[in-house]
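Got a structure for you, questions after.
The values are calculated or read from the model by the stated rules, or taken from the named source; none is laboratory data. Every value quoted in this text rests on a predicted model; they were computed, and no experiment measured them. Quick reminder, even Gly has a Cβ in these numbers, built from the backbone with ideal geometry, and neighbours come from all protein chains shown.
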Amino acid sequence: MLPLKHCLRFALTACLAVTSALSSAQTYPNHPIEWVVPYAAGGGTDTVARSLGQAMGTVLGQPMVIVNKPGAATNIGAEYVARAKADGYVLMSADTGTLAANPFIYSKLSYSAEKDFAPVGLTVRFPMILVVNPNVPAHNLKELIAWAKAQANGVSYATPGAGSPHHLATELFREMAGVNLSHVPYRGAAPAVQDVVAGQVPMMFVDTASGYQFITSGKLRPIGMASAKRVKNFDTIPTTRLEKLRSLCLARLGGSCRHIG
């Protein structure tokens, strides 16, 4: 069995000067706060932002307005936040792609992950699940690899966008499994999942938040959890433990997959 481990991490970030701005503004917040989600509505990141935003708005006494700015592997949303006034009124859900991968895989970025943002806190950690449309004749990792290798024209897979953690995870899986996979990027997890459910694309790596209802309803078939341990509410899904993913990612980010944009 292939050794694999991968998950999505989402942190709440703000413009760099937010700390000093908050300390000097005793009346903060005195108007609504904008929470930027760099993915399309309906995905896991969006769901978390809307849930936490509602609770945070109640505590802060001001509404948290969720604004979706999808596209370019979160770069559109990140650029918007980086250029915003650093007064604590513009926040962003930033995943590992935004903060860690994009600076390495894109030759030019309009923001600096290190200089333009200040972390507010870690919001959630999403293990990734390799799923297929139920019409795919595979029920485990071994069967999926065998089926993919038997397809003369290869197999397509969906992601929330080029350069996303889902994209990197699948490309590393492709290399490790030795299968022919073709990337089909979307503007977020929600439309990508919908097309896998509809059978337009046969497979993808999906985060637990985006895939939960489709997996539990049988509209998606889980092949394996990219985690060292089984996860609550998904304890029937076997772990694939692709532990080489992390070291391969570091090697590839500095090598052949550098600068995809």
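Determine, yes or no, whether VAL132 is outside the structural domain of MET204 (by TED's automatic domain parsing), under 20 Å from the mean Cα position of the chain (by Cα), modelled with pLDDT of 90 or more and of a type in the set (A, V, I, L, M, F, W, C). Talk me through it step by step, then tell me what you get.
Details: outside the structural domain of MET204 (by TED's automatic domain parsing): no; under 20 Å from the mean Cα position of the chain (by Cα): yes; modelled with pLDDT of 90 or more: yes; of a type in the set (A, V, I, L, M, F, W, C): yes.
The answer is no for VAL132.
Sort out which residues of the stretch 33-54 are among the hydroxyl-bearing types (Ser, Thr, Tyr), farther than 14 Å from VAL67 by Cβ and touching a residue at least 12 places away in the same chain (Cβ under 8 Å), and write them in order of number.
THR47, the sole residue that qualifies.
Still on this model: Pick from VAL197, VAL184, VAL201, VAL193: which is β-branched (Val, Ile, Thr), assigned to a loop (DSSP other than H, G, I, E, B) and at pLDDT 90 or above?
Going through VAL197, VAL184, VAL201, VAL193 in turn, just one is β-branched (Val, Ile, Thr), assigned to a loop (DSSP other than H, G, I, E, B) and at pLDDT 90 or above: VAL201.
Hey, another quick one. Among the residues of the stretch 23-52, how many are surrounded by 23 or more Cβ atoms within 10 Å (Cβ to Cβ) and farther than 21 Å from ASN102 by Cα?
Count: 1.
Within the stretch 145-161, count every residue that is of a type outside the set (Val, Ile, Thr), under 30 Å from THR74 (Cα atoms) and at pLDDT 95 or above.
Final tally of qualifying residues: 5.
Turning to a different aspect of this structure: Could you grab me the full set of residues in the stretch 84-103 that are of a type outside the set (Gly, Ala, Ser), in a helix (DSSP H, G or I) and in contact with a Cys (Cβ under 9 Å, 6 or more places away or on another chain)?
THR96
Has the stretch 154-166 got at least one residue that is buried (at least 17 other Cβ atoms within 10 Å of the Cβ), more than 28 Å from ASN68 (Cα to Cα) and touching a Phe, Trp or Tyr at 6+ places or on another chain (Cβ under 9 Å)?
Looking through the stretch 154-166, at least one residue is buried (at least 17 other Cβ atoms within 10 Å of the Cβ), more than 28 Å from ASN68 (Cα to Cα) and touching a Phe, Trp or Tyr at 6+ places or on another chain (Cβ under 9 Å).
What about SER164, is it closer than 30 Å to ILE76 by Cβ and over 18 Å from the mean Cα position of the chain (by Cα)? Steps first, answer last, please.
Details: closer than 30 Å to ILE76 by Cβ: yes; over 18 Å from the mean Cα position of the chain (by Cα): no.
Criteria not met by SER164.
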